[in-house]
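Taking it in order: structure first as structure tokens, then the write-up.
Quick note: the coordinates plus some simple rules give every number you see, no bench work behind them. The model shown is predicted, which means the values in this text are computed figures rather than measured ones. Methodologically, a virtual Cβ is constructed for each residue, glycine included, from the backbone with ideal geometry; neighbour enumeration extends over all protein chains shown.
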Amino acid sequence: MSKQHLHLGQTLTFSGDPFHDGLDTARHSRDGALVVEDGMIAAVGEAEDLRTGDYASVTDHGASLLLPGFVDAHAHYPQTAMIASWGKRLIDWLNTYTFPEEMRFGDPAYAAEIAGRYLDLLLANGTTTVCSYCTIHPSSVDALFEAARARGMRVLGGKTCMDRNAPEGLRDTAQRAYDDSKALLTRWHGQDRLSYVITPRFSPTSSPAQLQALGTLWAEHPDCLMQTHLSEQVDEIAWVKSLFPEARDYLDTYEQAGLLGANGLYGHAIHLEPREAHRLQEVGAALIHCPTSNTFIGSGLFDMDGLTRDNQRIGLATDTGGGSSFSMMRSMAAAYEIAQLRGRALHPAELIWLATEGSARALRLDHRIGTLAPGTEADFIALDLASTPAIAQRNARAGDIWESLFPTIMMGDDRAIAATYVAGQRVV
Ligand code: GUN
Ligand code: ZN
């Protein structure tokens, strides 16, 4: 009895990075097929070549486009219930909306409720992997990983460490940050599909001693990722300068503490000094572009064109809830609009690649997720390219796959996600 499952639909695959290797790395098949076995992708190709096999099931997705599940490389799941909070920029926004909400995660029942709600919203939006911040509370990490495990999802996350410039109840110490992070890393890292990420929130809320302690932990576990924020708003950068008068620049506050490395994820990276950009590229760190957040909290415009030309590794993310959406489609649309404002039109192939393989590469997981390559995990979606009347009438005019796909990138939402599969199982 066959254990293989056949999925028919349009497919889009990449043989390289379209930013560096060109747009012909993208390969579209109008009558494509995907074979799934034991939660893994066994084959991808043309329907006519694959349909003759012996299959336990055949699912015809019609004209929907089969793509890897989206990979959201930076988000804050605890900000789910306060997304779209009005009228503030970064520091005020943190103090007014974010910190009071994060305080509620001291209650493990509340953390569990939000973690489950958040992951269900992601799956409905076609996102199968996220790298999320949690809160200061170790139980907020347990809540995220337990919810991910219950859904079979590949999820990354870590305890958000802060020991200053945050309210009582959201502060730990250098030692507590080290001890809690180490205990969580030992409990969760590599369990099922879960990865622990060492997570100092950002330099303004960590003392030099706390940054050092987490740098020490990272040196002890160099295979772990480390995530933080870098140069998001001009006021924030000025604050970092006053808190670290001896630092050469914002990145240096991390570098001096052992928090700069190839497995580092630096969220935002909008206002980089030339030295910072050069060092990030030199060590092979990943910059995470959070386009809806660039505009929503008024931070500035990420330089996608300049940074890709300089060979930076770049992932794409929602930054929920500083970003204004749970959807990576909305993130692609905002990335397009921001690049347009800076004079570069990102191609739909580049946008889709960023939201899948590009983010997977940023998370050092492209050998497992983010592609339809045989031997990788069968996290994939079926994208309806005519999900609303407005999109359908535009799609009807399309001359090729890119004209057909772009209206859904720009105008699509969760209604375009016809199906989401996690490790081969349909969950939406
Ligand atoms: N910088 C430090 N913390 C945060 C956060 O929660 N969201 C965003 N967008 N930026 C931050
Ligand atoms: Zn963030």
What is region 380-428's relative contact order, in percent, from Cα pairs under 8 angstrom and six or more apart in sequence? 45
Region 257-302 versus region 403-420: alpha-carbon centroid distance in Å: 28
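Based only on Cα atoms, what mean projected area does the convex hull of region 147-220 have, in nm²?
5.1
What does the charge dipole of region 70-362 about its Cα centre add up to, to the nearest 20 debye, if the Cβ of each Lys and Arg holds +1 and the Cβ of each Asp and Glu holds -1?
So the magnitude is around 340 debye.
Give me the net charge of residue 111's neighbourhood, meaning all other residues with Cβ under 13 Å from the Cβ of residue 111; Lys, Arg count +1, Asp, Glu -1. Spell out each step's value before the answer.
On the way: positive: 104, 117, 159; negative: 101, 102, 107, 113, 142, 146.
With Lys, Arg at +1 and Asp, Glu at -1, the neighbours total -3.
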Positive-end residue of 93, 20, 209, charge dipole of the chain with Cβ unit charges: 93
Low-density loop positions, GluC sites (Glu not before Pro), region 246-328 - DSSP coil, at most 10 other Cβ in 10 Å: 246
Taking the Cβ of residue 14 as the centre, find all other residues whose Cβ is under 15 Å away and add up their charges (Lys, Arg: +1; Asp, Glu: -1). -4
Cut-off is 10 Å between beta-carbons; in what order do 301, 363, 346 appear when sorted fewest neighbours first? 301, 346, 363
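For the chain, state the semi-axes of the equivalent ellipsoid (square roots of 5 times the eigenvalues of the alpha-carbon gyration tensor), sorted largest first and rounded to whole angstrom. Walk me through the intermediate numbers first.
Numbers: eigenvalues 252, 109, 76 Å².
So the three semi-axes of the chain are 36, 23, 20 Å.
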What list of whole percents do you get for P(r) of region 31-83, with Cα-Cα distances grouped in 10 Å bins up to the one holding the largest distance? 17, 41, 17, 18, 7, 0
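Sorting check: for 413-419, 390-396, which peptide has the highest mean count of neighbouring beta carbons within 10 Å, and how do the rest follow?
Details: 413-419: 19.3, 390-396: 15.1.
With the highest mean Cβ count within 10 Å placed first, the list reads 413-419, 390-396.
Which loop-located chymotrypsin sites (Phe, Trp or Tyr not before Pro) does region 62-96 contain, where loop means any DSSP state but H, G, I, E or B and the Cβ has at most 13 other Cβ atoms within 10 Å? Each step should come with its number before you reach the end.
Working: sites: 70, 86, 93; in loops: 86.
For chymotrypsin sites (Phe, Trp or Tyr not before Pro) across region 62-96 that sit outside H, G, I, E and B with at most 13 neighbouring Cβ atoms in 10 Å, the list reads 86.
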Tell me the angle of helix 274-283 to the major Cα principal axis of the chain, expressed in degrees between 0 and 90 and rounded to the nearest ten. 60
Report, to the nearest 10°, how far helix 138-151 tilts away from the longest principal axis of the Cα atoms in the chain, using its own Cα long axis and a range of 0 to 90°. 10
Quick shape check on region 301-413: root eigenvalues a ≥ b ≥ c of the Cα gyration tensor, a/c under 1.5 is rounded, otherwise prolate if a/b tops b/c, else oblate, and it reads oblate
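Sorted from fewest to most neighbouring beta carbons within 10 Å, what does the list 325, 85 look like? Could the numbers behind the result be given before it?
Values: 325 22, 85 18.
By the 10 Å Cβ count, ascending: 85, 325.
Quick check on the exposure proxy: order 401, 270 from fewest to most C-beta atoms within 10 angstrom.
Listed from fewest to most nearby Cβ atoms, that is 401, 270.
Compute the relative contact order of the chain as a whole-number percentage, counting only Cα pairs closer than 8 Å that sit 6 or more residues apart in sequence. Walk me through the numbers on the way to the answer.
Numbers: 967 pairs, mean separation 82.6, N = 428.
That works out to 19 percent.
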